[in-house]
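Student: Before we start, here is the structure in question, set down as C-alpha coordinates.
The values are calculated or read from the model by the stated rules, or taken from the named source; none is laboratory data. A quick note: this is a predicted structure, and the numbers were derived from the prediction, not measured. Cβ placement follows ideal geometry from the backbone for every residue including glycine, while neighbour counts extend to all protein chains displayed. Remember, those area values only see protein heavy atoms, side chains included, never the ligands or the DNA or RNA. Shrake-Rupley method; radii C 1.70, N 1.55, O 1.52, S 1.80 Å.
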Amino acid sequence: MATTAPTGSPPSQPSLTHPPPPRKLTTVKALSESPGLSSIPSIYTFPKQPYHEPVSDTKEPIPTIDFSLLASSHPDERSETIRELGKACRDWGFFMVTNHGVPERMMKAIIEACREFFELPEEEKRGISGKHVLDPIRFGTSFNESVDEILCWRDYVKIFQHPEFHSPNKPPSFTKRVRLVAREIIRGISESLGLEKDYIDETLNLENGLQLIAANLYPPCPRPELAMGLPPHSDHGLLTLLIQNQIGGLQVQHKGKWVNIDPIPNSFLANIGDHIEILSNGKYKSVLHRAVVNNRDVRISIAVPHGPALDAIVSPASKLVENLGNPPAYGAMKYKEYLELQQGTMLNGKSCLERIRNGD
(Lines give C-alpha, C1' and ligand atoms only; values in the text may rest on other atoms or scores of the structure.)
Protein backbone atom coordinates (compact mmCIF):
# COMPACT_ATOMS: atom_id res chain seq x y z
CA MET A 1 0.00 0.00 0.00
CA ALA A 2 1.28 3.48 -0.84
CA THR A 3 2.18 5.69 2.11
CA THR A 4 1.81 9.43 2.35
CA ALA A 5 4.52 11.72 3.68
CA PRO A 6 3.50 13.82 6.69
CA THR A 7 1.98 17.15 5.78
CA GLY A 8 4.64 19.80 5.41
CA SER A 9 7.55 17.36 5.17
CA PRO A 10 10.08 18.39 2.56
CA PRO A 11 10.85 15.82 -0.16
CA SER A 12 13.96 13.79 0.52
CA GLN A 13 15.30 14.46 -2.98
CA PRO A 14 14.41 16.64 -5.95
CA SER A 15 11.55 15.27 -8.02
CA LEU A 16 11.41 15.33 -11.81
CA THR A 17 7.72 16.17 -11.62
CA HIS A 18 6.19 19.25 -10.11
CA PRO A 19 2.82 19.97 -8.56
CA PRO A 20 0.37 21.73 -10.85
CA PRO A 21 1.33 25.41 -10.92
CA PRO A 22 -1.12 28.08 -9.82
CA ARG A 23 -3.44 29.36 -12.52
CA LYS A 24 -1.96 32.84 -12.52
CA LEU A 25 1.70 32.64 -13.43
CA THR A 26 4.31 35.20 -14.26
CA THR A 27 4.65 35.40 -18.02
CA VAL A 28 7.94 34.25 -19.49
CA LYS A 29 8.44 37.73 -20.93
CA ALA A 30 8.23 39.30 -17.45
CA LEU A 31 10.49 36.59 -16.01
CA SER A 32 13.10 37.05 -18.77
CA GLU A 33 13.23 40.78 -18.05
CA SER A 34 14.00 40.26 -14.34
CA PRO A 35 17.15 42.23 -13.46
CA GLY A 36 20.26 40.07 -13.26
CA LEU A 37 18.51 36.86 -14.30
CA SER A 38 21.23 34.22 -14.75
CA SER A 39 19.32 30.99 -14.10
CA ILE A 40 15.76 29.73 -14.49
CA PRO A 41 13.27 28.43 -11.92
CA SER A 42 13.27 24.64 -11.61
CA ILE A 43 9.71 24.44 -12.93
CA TYR A 44 11.08 25.49 -16.36
CA THR A 45 13.82 22.84 -16.33
CA PHE A 46 13.14 19.85 -18.54
CA PRO A 47 14.77 16.58 -17.48
CA LYS A 48 17.07 15.04 -20.05
CA GLN A 49 15.08 13.01 -22.55
CA PRO A 50 15.88 11.24 -25.84
CA TYR A 51 14.70 14.39 -27.64
CA HIS A 52 17.76 16.22 -26.24
CA GLU A 53 19.90 14.24 -28.69
CA PRO A 54 22.19 16.29 -30.94
CA VAL A 55 20.70 17.93 -34.00
CA SER A 56 21.39 16.31 -37.35
CA ASP A 57 23.89 18.00 -39.67
CA THR A 58 22.00 16.74 -42.73
CA LYS A 59 22.29 18.81 -45.87
CA GLU A 60 19.08 17.35 -47.27
CA PRO A 61 16.87 20.36 -48.06
CA ILE A 62 13.31 20.55 -46.86
CA PRO A 63 10.93 20.23 -49.85
CA THR A 64 9.65 23.41 -51.47
CA ILE A 65 6.22 23.68 -53.13
CA ASP A 66 5.69 26.51 -55.62
CA PHE A 67 2.11 27.52 -54.89
CA SER A 68 1.74 29.32 -58.21
CA LEU A 69 2.24 25.97 -59.99
CA LEU A 70 -0.19 24.18 -57.67
CA ALA A 71 -2.82 26.79 -58.57
CA SER A 72 -1.81 26.76 -62.25
CA SER A 73 -4.38 26.44 -65.03
CA HIS A 74 -1.91 24.25 -66.92
CA PRO A 75 -2.75 20.61 -66.10
CA ASP A 76 0.82 19.34 -66.52
CA GLU A 77 2.25 21.93 -64.12
CA ARG A 78 -0.43 21.24 -61.54
CA SER A 79 -0.11 17.44 -61.84
CA GLU A 80 3.65 17.56 -61.34
CA THR A 81 3.28 19.86 -58.33
CA ILE A 82 0.68 17.55 -56.78
CA ARG A 83 3.13 14.68 -57.20
CA GLU A 84 5.83 16.74 -55.45
CA LEU A 85 3.34 17.67 -52.72
CA GLY A 86 2.49 14.03 -52.08
CA LYS A 87 6.17 13.14 -51.87
CA ALA A 88 6.77 15.99 -49.40
CA CYS A 89 3.90 14.74 -47.23
CA ARG A 90 5.23 11.16 -47.28
CA ASP A 91 8.91 11.93 -46.79
CA TRP A 92 8.89 14.95 -44.46
CA GLY A 93 5.40 16.03 -43.40
CA PHE A 94 6.84 19.57 -43.67
CA PHE A 95 7.50 21.76 -46.70
CA MET A 96 8.14 25.37 -47.64
CA VAL A 97 5.49 27.20 -49.68
CA THR A 98 6.74 29.92 -52.03
CA ASN A 99 4.99 32.21 -54.53
CA HIS A 100 1.81 32.03 -52.45
CA GLY A 101 0.51 35.50 -53.28
CA VAL A 102 0.29 36.81 -49.70
CA PRO A 103 2.16 40.15 -49.76
CA GLU A 104 5.36 40.30 -47.73
CA ARG A 105 4.27 43.60 -46.19
CA MET A 106 1.16 41.86 -44.84
CA MET A 107 3.25 39.07 -43.32
CA LYS A 108 5.60 41.58 -41.68
CA ALA A 109 2.65 43.62 -40.42
CA ILE A 110 1.06 40.67 -38.60
CA ILE A 111 4.38 39.82 -36.93
CA GLU A 112 4.72 43.45 -35.83
CA ALA A 113 1.12 43.51 -34.55
CA CYS A 114 1.81 40.42 -32.45
CA ARG A 115 5.05 41.92 -31.13
CA GLU A 116 3.11 45.01 -30.06
CA PHE A 117 0.54 42.83 -28.31
CA PHE A 118 3.21 41.04 -26.28
CA GLU A 119 4.59 44.47 -25.27
CA LEU A 120 1.30 45.41 -23.63
CA PRO A 121 1.17 45.61 -19.81
CA GLU A 122 0.74 42.25 -18.11
CA GLU A 123 -2.63 43.21 -16.65
CA GLU A 124 -4.00 44.14 -20.04
CA LYS A 125 -2.89 40.87 -21.63
CA ARG A 126 -4.24 38.87 -18.71
CA GLY A 127 -7.59 40.52 -19.33
CA ILE A 128 -8.10 38.19 -22.30
CA SER A 129 -6.95 35.00 -20.61
CA GLY A 130 -9.47 32.37 -21.69
CA LYS A 131 -10.39 29.45 -19.46
CA HIS A 132 -11.33 26.90 -22.16
CA VAL A 133 -9.61 25.65 -25.30
CA LEU A 134 -12.56 26.82 -27.41
CA ASP A 135 -12.60 30.37 -26.04
CA PRO A 136 -12.15 32.56 -29.14
CA ILE A 137 -9.35 34.73 -27.71
CA ARG A 138 -6.92 33.26 -25.22
CA PHE A 139 -3.65 34.60 -23.82
CA GLY A 140 -1.40 32.48 -21.67
CA THR A 141 2.04 31.11 -20.91
CA SER A 142 3.60 27.65 -21.39
CA PHE A 143 1.19 25.27 -23.25
CA ASN A 144 -1.57 24.63 -20.74
CA GLU A 145 -0.46 26.33 -17.56
CA SER A 146 -3.21 24.74 -15.48
CA VAL A 147 -1.88 21.19 -15.99
CA ASP A 148 1.73 21.49 -17.22
CA GLU A 149 4.11 19.89 -14.74
CA ILE A 150 7.08 21.59 -16.39
CA LEU A 151 6.51 24.97 -17.98
CA CYS A 152 7.50 25.93 -21.52
CA TRP A 153 9.61 29.04 -22.12
CA ARG A 154 6.79 30.58 -24.15
CA ASP A 155 3.97 33.10 -24.00
CA TYR A 156 1.16 32.92 -26.53
CA VAL A 157 -2.09 34.39 -27.76
CA LYS A 158 -4.58 32.29 -29.71
CA ILE A 159 -7.35 33.93 -31.70
CA PHE A 160 -10.12 32.19 -33.66
CA GLN A 161 -10.40 33.53 -37.20
CA HIS A 162 -12.95 31.25 -38.89
CA PRO A 163 -15.81 30.38 -39.12
CA GLU A 164 -16.32 33.38 -36.80
CA PHE A 165 -13.75 36.14 -36.87
CA HIS A 166 -12.33 37.42 -33.58
CA SER A 167 -9.45 39.78 -32.93
CA PRO A 168 -8.43 42.49 -30.50
CA ASN A 169 -7.40 44.79 -33.34
CA LYS A 170 -9.20 43.52 -36.45
CA PRO A 171 -6.56 42.28 -38.96
CA PRO A 172 -8.78 39.95 -41.09
CA SER A 173 -7.14 40.39 -44.49
CA PHE A 174 -4.03 38.35 -43.60
CA THR A 175 -5.92 35.31 -42.36
CA LYS A 176 -8.39 35.43 -45.25
CA ARG A 177 -5.52 35.27 -47.72
CA VAL A 178 -3.81 32.50 -45.76
CA ARG A 179 -7.01 30.49 -45.62
CA LEU A 180 -7.28 30.55 -49.44
CA VAL A 181 -3.71 29.24 -49.69
CA ALA A 182 -4.37 26.50 -47.13
CA ARG A 183 -7.55 25.27 -48.81
CA GLU A 184 -5.81 25.01 -52.18
CA ILE A 185 -2.94 23.03 -50.62
CA ILE A 186 -5.48 20.74 -48.93
CA ARG A 187 -7.15 20.18 -52.30
CA GLY A 188 -3.74 19.22 -53.69
CA ILE A 189 -3.17 16.83 -50.78
CA SER A 190 -6.58 15.28 -51.44
CA GLU A 191 -5.67 14.64 -55.09
CA SER A 192 -2.23 13.31 -54.15
CA LEU A 193 -3.99 10.64 -52.05
CA GLY A 194 -6.02 9.54 -55.08
CA LEU A 195 -9.17 11.21 -53.76
CA GLU A 196 -11.34 13.76 -55.50
CA LYS A 197 -9.99 17.30 -55.41
CA ASP A 198 -12.71 18.50 -53.05
CA TYR A 199 -13.09 15.31 -51.03
CA ILE A 200 -11.45 16.64 -47.86
CA ASP A 201 -13.01 20.08 -48.31
CA GLU A 202 -16.53 18.70 -48.60
CA THR A 203 -16.30 15.70 -46.25
CA LEU A 204 -14.92 17.77 -43.38
CA ASN A 205 -16.94 20.92 -44.18
CA LEU A 206 -13.96 23.25 -44.60
CA GLU A 207 -16.31 26.06 -45.58
CA ASN A 208 -16.97 26.16 -41.82
CA GLY A 209 -13.56 24.80 -40.85
CA LEU A 210 -11.63 26.09 -37.88
CA GLN A 211 -8.84 28.58 -38.50
CA LEU A 212 -6.94 30.31 -35.73
CA ILE A 213 -3.84 32.38 -35.20
CA ALA A 214 -1.43 31.13 -32.56
CA ALA A 215 1.22 33.78 -31.95
CA ASN A 216 4.18 32.60 -29.89
CA LEU A 217 6.77 34.67 -28.03
CA TYR A 218 10.05 32.99 -27.05
CA PRO A 219 12.14 35.50 -25.04
CA PRO A 220 15.89 35.03 -24.51
CA CYS A 221 16.59 32.36 -21.88
CA PRO A 222 19.73 32.47 -19.69
CA ARG A 223 19.91 28.64 -19.68
CA PRO A 224 18.54 27.57 -23.07
CA GLU A 225 20.01 24.08 -22.75
CA LEU A 226 17.65 23.41 -19.82
CA ALA A 227 14.43 24.89 -21.19
CA MET A 228 12.12 24.20 -24.11
CA GLY A 229 9.97 26.66 -26.03
CA LEU A 230 7.65 23.77 -26.85
CA PRO A 231 8.49 20.08 -26.36
CA PRO A 232 8.08 17.56 -29.20
CA HIS A 233 4.51 17.44 -30.48
CA SER A 234 2.41 17.10 -33.59
CA ASP A 235 -0.36 19.51 -34.57
CA HIS A 236 -4.08 18.89 -34.52
CA GLY A 237 -6.04 19.66 -37.65
CA LEU A 238 -5.20 19.32 -41.33
CA LEU A 239 -2.56 21.89 -42.22
CA THR A 240 -0.59 24.54 -40.33
CA LEU A 241 1.07 27.47 -42.09
CA LEU A 242 3.77 29.25 -40.08
CA ILE A 243 5.72 32.47 -40.41
CA GLN A 244 8.30 33.92 -38.02
CA ASN A 245 10.73 36.73 -37.52
CA GLN A 246 14.16 35.88 -38.81
CA ILE A 247 15.21 34.03 -35.66
CA GLY A 248 15.50 30.26 -35.88
CA GLY A 249 14.31 27.82 -33.24
CA LEU A 250 12.06 25.31 -34.96
CA GLN A 251 13.35 21.75 -35.22
CA VAL A 252 11.65 18.89 -37.08
CA GLN A 253 12.18 15.19 -36.55
CA HIS A 254 13.30 13.63 -39.85
CA LYS A 255 14.58 10.08 -40.21
CA GLY A 256 14.83 9.80 -36.44
CA LYS A 257 16.95 12.94 -35.98
CA TRP A 258 16.22 16.57 -35.23
CA VAL A 259 16.77 19.01 -38.10
CA ASN A 260 16.97 22.81 -37.80
CA ILE A 261 14.51 24.58 -40.08
CA ASP A 262 15.85 28.01 -40.96
CA PRO A 263 13.31 30.70 -41.86
CA ILE A 264 13.13 31.74 -45.51
CA PRO A 265 11.86 35.28 -46.08
CA ASN A 266 8.41 35.66 -47.64
CA SER A 267 7.54 31.97 -47.44
CA PHE A 268 5.28 29.80 -45.32
CA LEU A 269 6.45 26.70 -43.54
CA ALA A 270 3.67 24.13 -43.88
CA ASN A 271 3.11 20.93 -41.97
CA ILE A 272 0.37 18.34 -42.09
CA GLY A 273 -1.58 17.68 -38.91
CA ASP A 274 -2.96 14.66 -37.09
CA HIS A 275 -6.21 14.74 -39.03
CA ILE A 276 -4.46 14.28 -42.37
CA GLU A 277 -2.79 11.23 -40.82
CA ILE A 278 -6.19 9.94 -39.71
CA LEU A 279 -7.93 10.67 -43.02
CA SER A 280 -5.10 9.13 -45.06
CA ASN A 281 -5.16 6.06 -42.79
CA GLY A 282 -1.51 6.62 -41.97
CA LYS A 283 -0.23 7.05 -45.54
CA TYR A 284 0.81 10.58 -44.60
CA LYS A 285 1.96 11.08 -41.02
CA SER A 286 2.00 14.19 -38.87
CA VAL A 287 5.56 14.84 -37.74
CA LEU A 288 7.01 15.66 -34.35
CA HIS A 289 8.51 19.12 -34.08
CA ARG A 290 9.70 21.32 -31.21
CA ALA A 291 10.75 24.88 -30.43
CA VAL A 292 14.14 25.47 -28.81
CA VAL A 293 15.21 28.77 -27.28
CA ASN A 294 18.38 30.85 -27.22
CA ASN A 295 20.04 33.31 -24.83
CA ARG A 296 20.29 36.27 -27.21
CA ASP A 297 17.25 37.01 -29.35
CA VAL A 298 13.48 37.20 -29.09
CA ARG A 299 11.79 34.78 -31.46
CA ILE A 300 8.22 35.36 -32.62
CA SER A 301 6.38 32.75 -34.64
CA ILE A 302 2.83 32.83 -35.92
CA ALA A 303 1.19 29.50 -36.66
CA VAL A 304 -2.10 29.43 -38.54
CA PRO A 305 -3.67 25.97 -38.13
CA HIS A 306 -6.55 24.93 -40.38
CA GLY A 307 -8.90 22.17 -39.31
CA PRO A 308 -12.25 20.61 -40.11
CA ALA A 309 -15.50 22.07 -38.87
CA LEU A 310 -15.70 21.56 -35.12
CA ASP A 311 -18.62 19.13 -35.42
CA ALA A 312 -17.06 17.15 -38.30
CA ILE A 313 -16.32 13.50 -37.53
CA VAL A 314 -12.90 12.53 -38.87
CA SER A 315 -12.07 8.95 -39.84
CA PRO A 316 -9.99 7.25 -42.54
CA ALA A 317 -11.33 7.95 -46.04
CA SER A 318 -13.45 5.00 -47.13
CA LYS A 319 -11.73 4.84 -50.51
CA LEU A 320 -8.33 4.40 -48.83
CA VAL A 321 -9.67 1.63 -46.63
CA GLU A 322 -12.08 -0.32 -48.84
CA ASN A 323 -10.36 -0.12 -52.22
CA LEU A 324 -6.91 -0.91 -50.86
CA GLY A 325 -8.05 -3.62 -48.45
CA ASN A 326 -6.56 -1.82 -45.44
CA PRO A 327 -8.37 -1.98 -42.11
CA PRO A 328 -8.98 1.44 -40.54
CA ALA A 329 -5.94 2.29 -38.42
CA TYR A 330 -7.77 5.02 -36.48
CA GLY A 331 -11.14 5.33 -34.83
CA ALA A 332 -13.60 8.07 -35.74
CA MET A 333 -13.77 11.13 -33.50
CA LYS A 334 -15.41 14.53 -33.69
CA TYR A 335 -12.80 17.22 -34.31
CA LYS A 336 -14.03 19.31 -31.38
CA GLU A 337 -13.51 16.38 -29.02
CA TYR A 338 -10.01 15.72 -30.30
CA LEU A 339 -9.14 19.40 -29.91
CA GLU A 340 -10.35 19.42 -26.32
CA LEU A 341 -8.42 16.22 -25.62
CA GLN A 342 -5.10 17.51 -26.99
CA GLN A 343 -5.32 21.08 -25.82
CA GLY A 344 -6.59 20.17 -22.35
CA THR A 345 -3.65 17.96 -21.38
CA MET A 346 0.12 18.21 -21.21
CA LEU A 347 1.90 18.32 -24.55
CA ASN A 348 3.41 14.87 -25.05
CA GLY A 349 4.45 13.84 -28.55
CA LYS A 350 1.59 12.18 -30.44
CA SER A 351 -0.09 10.74 -27.36
CA CYS A 352 -3.56 11.99 -28.35
CA LEU A 353 -3.33 10.38 -31.78
CA GLU A 354 -2.22 7.15 -30.16
CA ARG A 355 -5.40 7.12 -28.07
CA ILE A 356 -7.59 6.70 -31.15
CA ARG A 357 -5.27 4.34 -33.03
CA ASN A 358 -6.93 0.97 -33.53
CA GLY A 359 -5.12 -2.05 -32.11
CA ASP A 360 -3.26 -4.42 -34.38
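Student: Are there any pairs, at least 6 apart or on different chains, whose C-beta atoms fall under 9 Å, with the first in the stretch 174-203 and under 27 Å from I159 (Cα atoms) and the second aromatic (F, W, Y) and at pLDDT below 95, and if so, which?
Tutor: T175/F165; K176/F165
Student: Let me ask something else about it. For the stretch 279-298, check the following and say yes or no: at least one residue is under 29 Å from E116 (Cα atoms), in contact with a Leu (Cβ under 9 Å, 6 or more places away or on another chain), in contact (Cβ under 8 Å) with a residue 12 or more places away in the chain and among the basic types (K, R).
Tutor: yes
Student: Among the residues that make up the stretch 150-168, is at least one of them of a type in the set (D, E), open to solvent by less than 50 Å² (accessible area, probe 1.4 Å), in contact (Cβ under 8 Å) with a residue 40 or more places away in the chain and assigned to a loop (DSSP other than H, G, I, E, B)?
Tutor: no
Student: What helices (runs of 4 or more DSSP H) completely inside the stretch 56-121 contain at least 3 residues that are touching a helix residue (DSSP H, G or I) at 6+ places or on another chain (Cβ under 7 Å) and modelled with pLDDT of 95 or more?
Tutor: 67-70, 75-91
Student: Does D262 satisfy being under 22 Å from E225 (Cβ atoms), open to solvent by 50 Å² or more (accessible area, probe 1.4 Å) and modelled with pLDDT under 95?
Tutor: Against the criterion (under 22 Å from E225 (Cβ atoms), open to solvent by 50 Å² or more (accessible area, probe 1.4 Å) and modelled with pLDDT under 95), D262 qualifies.
Student: Shifting gears a bit: When the stretch 296-342 is examined, which residues are found to be open to solvent by 20 Å² or more (accessible area, probe 1.4 Å), of a type in the set (S, T, N, Q) and at pLDDT below 95?
Tutor: Hits for the stretch 296-342 are S318, N323, N326.
Student: So G237 passes all but one of these: (1) crowded, with 19+ Cβ neighbours inside 10 Å; (2) modelled with pLDDT under 95; (3) of a type outside the set (A, V, I, L, M, F, W, C); (4) in a loop (DSSP other than H, G, I, E, B). Which condition number does it fail?
Tutor: The number of the failed condition is (2).
Student: Kindly indicate which of Q244, Q251, Q211 is open to solvent by 20 Å² or more (accessible area, probe 1.4 Å) and either farther than 24 Å from Q342 by Cβ or touching a residue at least 60 places away in the same chain (Cβ under 8 Å) (or both).
Tutor: Criteria check complete, one pass: Q244.
Student: Please work out which residue is farthest from I300 (Cα to Cα), limiting yourself to the stretch 268-287 and to residues that are out of contact with any Phe, Trp or Tyr (no Cβ under 8 Å at 6 or more places or on another chain) and open to solvent by 10 Å² or more (accessible area, probe 1.4 Å).
Tutor: Across the stretch 268-287, the extreme among qualifying residues is K283.
Student: For the stretch 255-360, which fully contained helices (runs of 4 or more DSSP H) count at least 2 residues that are out of contact with any strand residue (DSSP E or B) (no Cβ under 9 Å at 6 or more places or on another chain)?
Tutor: Filter on the stretch 255-360 gives 318-322, 335-343, 351-355.
Student: Another question about this same structure. Return the residue satisfying two criteria in turn: it lies in the stretch 122-139 and is among the charged types (D, E, K, R) and not in a helix (DSSP H, G or I), and of such residues it is least open to solvent (accessible area, probe 1.4 Å).
Tutor: The residue in question is R138.
Student: Out of the residues in the stretch 85-102 that are open to solvent by 30 Å² or more (accessible area, probe 1.4 Å) and touching a residue at least 60 places away in the same chain (Cβ under 8 Å), state the one that is nearest to L193 (Cα to Cα).
Tutor: Filtering first and then ranking leaves R90.
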